[in-house]
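Worksheet: the structure to be examined is printed underneath.
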Amino acid sequence: MNVVVLQGVLSSAPVCRQLASGAVVVSLELTTPTESGQASVPIAWFDPPTEVTWAPGDELVVVGTVRRRFFRSGGITQSRTEVVATAVLPIAKRRLVRAALARAGSSLQPAGV
């Protein structure tokens, strides 16, 4: 099962790009608390359903999956691990956050069930 839920603060302005395929991807960096301090998590959100108007410092909830992708840059193969978002919501929209968490939770099942 590959399900990720993050809650954190947007650490930089979102970057919106249109890919050659015509798809739109929004790149986000979310800073989340950890036991040893903080972690910066890269997030890719493909074809978001709404315009992204958040600013650094906004608190967000992200639901998605983890993926590692490989690409060539400068003649060498590189990789990046990121969260591919299925939902990105401001923490203040509690009803929408609860619904997104319920959808993510419903996909979790113990092994063998």
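FYI, it's all coordinate maths here, none of it is from the lab. What you see is a predicted model; the values in this text were computed from it and never measured. Heads up, the Cβs are rebuilt from the backbone with ideal geometry, glycines too, and the neighbour counts pull from every protein chain shown.
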Item to check | Highest-fluctuation residue, VAL24, VAL62, VAL41 considered, GNM on the chain with Cα pairs under 10 Å | outcome: VAL24
Checklist entry - Counting Lys and Arg as +1 and Asp and Glu as -1, each charge on the Cβ, what is the dipole of segment 4-106 about the Cα centre in debye, to the nearest 20? => result 320 debye
Item to check | Kirkwood hydrodynamic radius over Cα pairs of segment 51-113, then Stokes diffusion coefficient at 20 °C and 1.002 mPa s, in µm²/s | outcome: 149 µm²/s
Next on the checklist: Assuming 0.36 nm per residue, please report the length gained on full extension of the stretch SER12 to GLN38 beyond their Cα-Cα distance.
Outcome noted: 7.9 nm
Next on the checklist: Give me the base-10 log of I(q)/I(0) for the chain at each q in 0.20, 0.22 Å⁻¹, Debye formula, one uniform scatterer per Cα, rounded to two decimals.
Outcome noted: -1.18, -1.34
